[in-house]
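One structure is given here, and the rest of the page talks about it.
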Amino acid sequence: MDPVRLALTMGLVRAFGLDEAVDLRGAKPVGDSTLRLVHRQDYVAAVRAASANPRAADQDYGLGTVDDPAFAGMHEASALIAGLSVGAAEAVWRGETAHAVNFTGGLHHAMPGAAAGFCIYNDPALAIARLLELGAERVAYVDVDVHHGDGVQAAFWEDPRVLTISLHEHPRTLFPQTGWPEETGSGAGEGSAVNLALPAGTGDAGWLRAFHAVVPELLADFRPQVLVTQHGADTHFEDPLAHLAVSLDAQRAVMESCHELAHTHAEGGRWVALGGGGYAVVDVVPRSWTHLVGIAAHAPVDPESVVPPSWRDLVYARTRQLGPGRMTDGRTPSWQSWEDGYDPADRLDQAVIATRKAAFPLRGLLA
Ligand SMILES: [Zn+2]
Ligand SMILES: [Zn+2]
């Protein structure tokens, strides 16, 4: 979670001049009244205490642990990231812009009462909760990070106003060991959580096939007022923490699909796109999220583009590594449509079938 990934992403966005194509805005850190929409008051107090005195971090709240080390100012930094996502959601809700991106956000593992998986405050959940507070009645959340979007799912587990869809590597082989297809929400929220657990090793064709076999149909039926998406770049084959084998080009294809789905199914094309995980901090994350910014800005970066040399100089200065040379991995992603049939003996198809069987009938859709 080296913060250099954010500096390098912003550097690449600027190197392509995309900062001129968007309205670049700051935001205020979220205050207590917003934090309370998702997080427990005693947890926020524990984060503040750890922020003031990292040595006093309370491990019962997941703070001061290997995954979530305490550091001075952690409350302020985490509240600012959340504020950017909340600000993005507000701007989109009010129609100031159709799309907004916060690539510093997407911290989807934070729980209402605990830090988890490098995440302190759950900015996607806070952005969604703020939309509900503003009057939204249907918000869809699509999470394509390699890890399950467990904190967002937990925040809206019983809330039918929020449809959470997470595609991720199977919990058998990856943190946080949740995101089974049978997790579908409860109470009034029964059927409002959808999980697609992909076999380790899934590559471009399988990942795209799975996405298109599940996401568009759910969004077409749900007709969200806002689409919130999380674009963790850790699905990539170079990512050191997980075991999918997705290319930059397939990540970009899913971003384009999310953009199209927002225009087709979300009211006014409202789309809030967030970052997320991603631990190949030089080779993958900056290129992936620069594509995201370009797509959301309606100024997409051509995958064949050469990476500006000024940015490679920045990479070397900050990391002593040589940055990638082009905005593509050289793949041309394609996939076979689910409507054309499936193979019950295929592991990927089994994963899709499990998800459709568990979740679709609860939404009145055919499995
Ligand atoms: Zn658009
Ligand atoms: Zn992740």
Has segment 285-303 got any residue that is over 30 Å from Val92 (Cα atoms), out of contact with any strand residue (DSSP E or B) (no Cβ under 7 Å at 6 or more places or on another chain), more than 16 Å from ligand 1 (Cβ to nearest atom) and acidic (Asp, Glu)? no
Contact list please: Cβ distance under 7 Å, first residue in segment 282-302 and free of Cβ contacts under 8 Å to residues at least 60 places away in the same chain, second residue polar (S, T, N, Q) and within 16 Å of ligand 2 (Cβ to nearest atom), pairs at least six apart or on different chains. Ser288/Gln251
For residues that are within 23 Å of the chain's Cα centre (by Cα) and among the basic types (Lys, Arg), scanning just segment 17-67, find the one that is farthest from Ala115 (Cα to Cα). Arg25
Quick check on segment 175-189. Is at least one of its residues under 16 Å from the mean Cα position of the chain (by Cα), crowded, with 21+ Cβ neighbours inside 10 Å and assigned to a strand (DSSP E or B)? no
Pairs returned, first residue in segment 1-28 that is in contact (Cβ under 8 Å) with a residue 60 or more places away in the chain, second residue that is part of a helix (DSSP H, G or I) and surrounded by fewer than 18 Cβ atoms within 10 Å (Cβ to Cβ), beta-carbon separation under 6 angstrom, 6 or more apart or interchain, are Val4/Arg318; Val13/Asp19; Ala15/Ser310
Given the options Ala7, Ala82, name the one that is in a helix (DSSP H, G or I), closer than 24 Å to Arg130 by Cβ and not polar (S, T, N, Q). Ala82
Return only the number of the condition from (1) among the small types (Gly, Ala, Ser); (2) surrounded by 21 or more Cβ atoms within 10 Å (Cβ to Cβ); (3) in a helix (DSSP H, G or I); (4) without any contact (Cβ under 8 Å) to a residue 60 or more places away in the chain that Gly206 does not satisfy. (4)
Out of Ala116, Ala127, I need the residue that is among the aliphatic types (A, V, I, L, M) and within 14 Å of ligand 2 (Cβ to nearest atom). Which one? Ala116
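Laboratory data are not the source of any read-out in this text; all were calculated from the coordinates shown. For clarity, every value in this text was computed on a predicted model and none was experimentally measured. Methodologically, a virtual Cβ is constructed for each residue, glycine included, from the backbone with ideal geometry; neighbour enumeration extends over all protein chains shown.
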